[in-house]
Amino acid sequence: MRRAVIFANGSLPDREAVRALLRPEDLLVAADGGSRHLLALGLTPSVVIGDLDSISAEERRLLESAGARIMQHPRDKDETDLELALGYAVAQGYGVILIAGALGGRLDQTIGNLALLSRPDLADLDVRLDDGLEEAFFVRRSCRILGNPGDLVSLIPWVRGAIQVSTTGLRWPLKGERLSPHRTRGISNELVGGQATVALQSGLLLVIHRRLTR
């Protein structure tokens, strides 16, 4: 499926780790100041979306001269720049969306960014936050996690919890169990091989996969 990669204006602990995730055919979208990450990588976004309060006039000139489309919104708006960029990618028909630079930094922004992924209209799409070292995404039915032995995997029940959760490939397996949002049962599991699977009957699970640094 076609993939869009959105760069948010958060921290990126390792830009080169994010570069390794990119594919030549990806649509590159910058949410306002996220364009700085792309410029630092020597890349040009296809489109820059937001109120543009996080980029300078010189950066805007560089982006426009490189062919980036600028979609400026009023500063007084109901959505964050990332929400606008996500909405754009969805409207363009992208079923796989990777969001970089949306983890770390301000806690309120990070929680808001995670909550964005729980939108009902994203249920049939593959949307993930990924800074190259850590990825986060929601599971409604089943998923596969690819990584290396020792990688940390946390399963965090969202809102009402998750029913009949089963896993394979994790050091401490779950077998048809219930995870409640006020308990920490699913925190800090580990991959034992190159992949794991997670399945549930109902509910919503936030999966956070932290890759081992090598």
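Residues are listed down the side, and each one gets a yes or a no for (1) touching a strand residue (DSSP E or B) at 6+ places or on another chain (Cβ under 6 Å); (2) within 23 Å of R15 (Cβ to Cβ):
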{"site": "T80", "(1), (2)": "no, yes"}
{"site": "A85", "(1), (2)": "yes, yes"}
{"site": "G93", "(1), (2)": "no, no"}
{"site": "I99", "(1), (2)": "yes, yes"}
{"site": "A102", "(1), (2)": "yes, yes"}
{"site": "L107", "(1), (2)": "no, yes"}
{"site": "R119", "(1), (2)": "no, no"}
{"site": "L125", "(1), (2)": "no, no"}
- Among V96, V90, which is the only one that is within 28 Å of A40 (Cα to Cα), within 11 Å of the chain's Cα centre (by Cα) and at pLDDT 95 or above? V96
- Query: Would you pick out the residues in region 118-155 that are charged (D, E, K, R) and either in contact with a Phe, Trp or Tyr (Cβ under 7 Å, 6 or more places away or on another chain) or closer than 15 Å to L86 by Cα (or both)?
  - Reply: R119, D121, D124, D126, R128, D130
- Residues Y88, Y94: which one is in contact with a Lys or Arg (Cβ under 6 Å, 6 or more places away or on another chain) and surrounded by 12 or more Cβ atoms within 10 Å (Cβ to Cβ)? Y94
- Message: So, V139, is that one surrounded by 18 or more Cβ atoms within 10 Å (Cβ to Cβ) and either hydroxyl-bearing (S, T, Y) or over 30 Å from Y88 (Cβ atoms) (or both) or not?
- Response: no
- Item | In region 147-175, the residues that are surrounded by fewer than 16 Cβ atoms within 10 Å (Cβ to Cβ) and closer than 19 Å to L133 by Cβ | N148, P149, G150
- Of all the residues that make up region 49-60, how many are farther than 17 Å from G10 by Cα and either aliphatic (A, V, I, L, M) or in a strand (DSSP E or B) (or both)? 1
- Residue that is out of contact with any Gly (no Cβ under 6 Å at 6 or more places or on another chain), crowded, with 18+ Cβ neighbours inside 10 Å and more than 21 Å from S35 (Cβ to Cβ), where the choices are L63, L114: L114
- Task: Kindly list the number of the only condition in (1) in contact with a Pro (Cβ under 9 Å, 6 or more places away or on another chain); (2) over 28 Å from L206 (Cα atoms); (3) surrounded by fewer than 19 Cβ atoms within 10 Å (Cβ to Cβ) that fails for G104.
- Result: (2)
- Task: Would you point out the residue of region 8-48, among those that are assigned to a strand (DSSP E or B) and more than 17 Å from the chain's Cα centre (by Cα), that is surrounded by the most Cβ atoms within 10 Å (Cβ to Cβ)?
- Result: V48
- Message: Under 9 Å between Cβ atoms, which residue pairs at least 6 apart in sequence (or on different chains) link something in region 155-168 that is on the phi > 0 side of the Ramachandran plot with a partner that is of a type in the set (K, R) and assigned to a strand (DSSP E or B)?
- Response: G161/R178; Q164/R178
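The values are calculated or read from the model by the stated rules, or taken from the named source; none is laboratory data. Bear in mind the structure is a predicted one, so any value in this text is a computation, not a measurement. For neighbour counting, all protein chains shown are included, and Cβ atoms are generated from backbone atoms with ideal geometry for every residue, glycine included.
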